[in-house]
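Below is one structure, written out as structure tokens, with a few remarks after it.
The values are calculated or read from the model by the stated rules, or taken from the named source; none is laboratory data. Since this is a predicted model, take the numbers as computed values, not measurements. Cβ placement follows ideal geometry from the backbone for every residue including glycine, while neighbour counts extend to all protein chains displayed.
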């Protein structure tokens, strides 16, 4: 069997550290370079939310396959677990962001002295103490479950006792159930309440579908990097094909939810609802279409054939495009409400901060990968995953 | 391909291929049992009741229904959505589970998909009868006519026409393509001359040639790939019928995925209701095992919980939106004159399926059967609640009203139930209820006598 | 006049093993008839991947274009009508029908291509070599040239563990 111990090369760490430095520098530039504070805050929120969600999707990947009793994914399971190790980091950053002024800077409902009639009706939900309670509960549950899932998975590997396997299933079921609720409510809290007048019942699932597509794209990307470094040779074309199918399918699913939300609001044409897209059409019409092209048209057309899902030459570029695309999707969700049409922009702060967070995410994930063997040899379904070949 | 010994076998009893053929073809041979006759008499009588109701509607008009000017839609659309939803399980099992490579689908996909076709046929009847004149149903198709007028492509009701038609046709093709190899088997096992000729004709000249088999697999897979988004689109478009409007309780963006989930939920309940009886009556307990039932129950928990989350989301958003009308619509649902319907829906859809979290309950056939009936009822009431409670108290309090179904409407509903069960009973006599070829293809890896071997 | 030899196996694993052996002896197997798709058979027989996917894609693209084009034509050219203040070319409204048409065309073009290409269809004649090939037998068909010695082929088949080796003639 190949080498399952992953060692992080100095060079890789250096690259990640440089990326983080770029992020810190652009943050400094944001603060002192005459950029509006709101815009910097909105960018911080965007990136923290984006990479926190990727961590959650990593955990989702592991848990959803565990309760579905699927076997093939066990050989890439460690990548999902490693991604989930970003959850505590992202969680701390998010708490810091809110506490250190982020909340007051971009959430209009926090200015409790001048709330309009509509916001006054929502005070029972949109108030700071309750907001913080929810924040702590969500993050607490996620961090705890991420920790226990990882711990159980490693224990299963070391001891090979099926007791841990059934514990893993229980934990996974708990995570899926709690995540189904927390992902939705957290998206209302952190994203939808940036436009506090506006509401949409589909919003939570729409955000989830967006994170699902980008999270899987990230998983493919990490897997690719690992393979390039000479690890994960037991992952064959079939596994890639399946991940490619996920990326393809989730991109379509995202487009489906995008269309459902957009079309219904457009069709009913109720001012309370259309105001959301009105702003986005008026000030962000480029991003509006870029979003659709990068997240639906590109993956749909490029990943349609069987072959393209099996070769990295196609899978990796599409994954990168999808990751960029969903960054823009989040941009569309956050900026109009948080910063407004005129003050938003796209420049050093946006690019630099994203690079910084990418570096941080990469560093945490790859460091987590060094902590355990790259494949769960004693997982009861691991042998299925090794001997994995399908005709379609 | 290696299969972990941890996995339960999908087919019980050490069987070889010819035993599989024999077992599955058995219900088609010989004279039907007396239970079959009893069943078809009962469902035939129900269908006759429906025929009477259809006659009344066509002869006297829609006035025979309990509708009034406030509540212009009630049982008809409720039944329509209920039936379309039931149809979704078949496509979900045969297409989406195929894409997810769930081998357990092989034992249930045939009958579930046949059920899909029958359910869509029943569903399509309601919009047609609501037009009052069944024979003028073709008016909804875009065809060149003397009025030079085309159908309204901006209307979700017209989208429904396309969605339901496409769904019916593609499901039919998908089902039939899957049936071809098995019809070949029936032909080769048939004894009578006429029977052989009929099945010879129906089997499209299938010989099991490797070339045909290979392309057959490809086409099944791509049809599944097409049917998967199609099945999502169908209930999505059904939900658009409501959600594109500005009626509180109807216009909400969560409707598309929530309707789809509810559809799969109710469809699985109906599959369970039918198969728990059928596996016993047809001696197919080795093929549709408790493991299959358990898996279906898991799908019920997932989709039922998604529906539950959607209910709560809607309720919360009605409050959060700050829109009084929206808030009233939901408070009226839970506490108004139709509160009983709302709480039946909540109990049957959200609470009872949660019992399936207990392994004891989800592997118990009696409990599963009862809960599946509950879900069927609950999902019918869900549509009733959405349709009637949103309409009966609209923006203008002076036109608030109540709705009571007339005997004719009851007749139409019971009639479609009768047609559905009649068709199902005929189906189990005419076609193999389990996909023989597909079961055979998983027998080695997932049968009871599976060998722990590694082969290419 | 065509001659061919048929022989059968009772198990698909034996079939695949036997097929390898037969091929290594230089005997060409024309076809295998089996009760269900045997995986690995397409490779063993050297079949290409089906191109039905392309038919489906083309059909779907045509369906989508017809669907969208027709709706656009109706409401911008043939009979423009204002519905609820929507633009005549109401793109979001046209998506559902466009999608349904794409799926319909893709499915039907592919199914017809499949049936025509394989010469399958209602009432199509089937050459039934053995009534048990749709039950539990895996049958090999080896084509034999008129001047070829059938004995050597039969021997190869026999060695490879095939049963019921018979020489048949087709007019």
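A quick yes/no check of all residues on (1) within 18 Å of the chain's Cα centre (by Cα); (2) buried (at least 20 other Cβ atoms within 10 Å of the Cβ):
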position	(1), (2)
A:51	yes, yes
A:54	yes, yes
A:58	yes, yes
A:64	yes, no
A:68	no, no
A:75	no, yes
A:84	yes, yes
Can you find even one residue in the range C:105-121 that is more than 8 Å from chain B (Cβ to nearest Cβ) and buried (at least 22 other Cβ atoms within 10 Å of the Cβ)? yes
Residue hits (the range C:1-50; without any contact (Cβ under 8 Å) to a residue 12 or more places away in the chain and more than 9 Å from every other protein chain (Cβ to nearest Cβ)) are C:24, C:26, C:46, C:48
### Message
When you scan the range B:316-331, do you find a residue that is away from chain A (no Cβ under 12 Å), in a helix (DSSP H, G or I) and either in contact with a strand residue (DSSP E or B) (Cβ under 9 Å, 6 or more places away or on another chain) or under 20 Å from residue B:85 (Cβ atoms) (or both), even just one?
### Response
no
Considering only helices (runs of 4 or more DSSP H) wholly within the range C:1-116, the ones with at least 2 residues that are closer than 26 Å to residue B:232 by Cβ are C:52-73
Restricting attention to the range B:166-196, the residues that are more than 17 Å from residue B:429 (Cα to Cα), surrounded by fewer than 21 Cβ atoms within 10 Å (Cβ to Cβ) and more than 8 Å from every other protein chain (Cβ to nearest Cβ) number exactly 3
For the structure I just gave you, tell me whether residue B:27 is away from chain C (no Cβ under 14 Å), surrounded by fewer than 23 Cβ atoms within 10 Å (Cβ to Cβ) and touching a strand residue (DSSP E or B) at 6+ places or on another chain (Cβ under 8 Å). no
Original post:
Somewhere in the range B:23-32, is a residue under 20 Å from residue C:36 (Cβ atoms) and over 27 Å from the mean Cα position of the chain (by Cα)?
Top reply: no
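Here is a yes/no grid of residues against (1) touching a helix residue (DSSP H, G or I) at 6+ places or on another chain (Cβ under 6 Å); (2) away from every other protein chain (no Cβ under 14 Å):
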position: B:303; (1), (2): yes, no
position: B:376; (1), (2): yes, yes
position: B:380; (1), (2): yes, yes
position: B:394; (1), (2): no, yes
position: B:412; (1), (2): yes, yes
Residue pairs within 6 Å by beta carbon, gap of at least six or interchain, first lying in the range A:183-201 and facing chain B (nearest Cβ under 8 Å), second modelled with pLDDT under 95 and in a loop (DSSP other than H, G, I, E, B), listed first then second, are A:200/B:253; A:201/B:252; A:201/B:253; A:201/B:254
* Any residue at all in the range A:222-237 that is modelled with pLDDT under 95, in contact with a helix residue (DSSP H, G or I) (Cβ under 8 Å, 6 or more places away or on another chain) and within 14 Å of another protein chain (Cβ to nearest Cβ)? -> yes
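The rows are residues; the columns are (1) surrounded by 15 or more Cβ atoms within 10 Å (Cβ to Cβ); (2) over 30 Å from residue C:13 (Cβ atoms); (3) within 14 Å of chain C (Cβ to nearest Cβ).
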{"residue": "B:15", "(1), (2), (3)": "yes, no, yes"}
{"residue": "B:23", "(1), (2), (3)": "yes, no, yes"}
{"residue": "B:36", "(1), (2), (3)": "yes, yes, no"}
{"residue": "B:45", "(1), (2), (3)": "no, yes, no"}
{"residue": "B:61", "(1), (2), (3)": "no, yes, no"}
{"residue": "B:69", "(1), (2), (3)": "no, yes, no"}
Taking the range B:210-235 and keeping only residues that are facing chain C (nearest Cβ under 7 Å), closer than 18 Å to residue B:436 by Cβ and surrounded by fewer than 22 Cβ atoms within 10 Å (Cβ to Cβ), one is left with B:217
All conditions in (1) out of contact with any strand residue (DSSP E or B) (no Cβ under 9 Å at 6 or more places or on another chain); (2) surrounded by 22 or more Cβ atoms within 10 Å (Cβ to Cβ); (3) within 25 Å of residue B:23 (Cβ to Cβ) are true of residue B:263 except (3)
Note on residue A:112: of the conditions (1) more than 14 Å from chain B (Cβ to nearest Cβ); (2) part of a helix (DSSP H, G or I); (3) surrounded by fewer than 21 Cβ atoms within 10 Å (Cβ to Cβ), unmet is (2)
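Suppose we filter C:132, C:137 for residues that are more than 8 Å from chain B (Cβ to nearest Cβ) and under 16 Å from residue B:185 (Cα atoms); which single one remains?
Working: C:132 fails: more than 8 Å from chain B (Cβ to nearest Cβ).
Going through C:132, C:137 in turn, the sole match is C:137.
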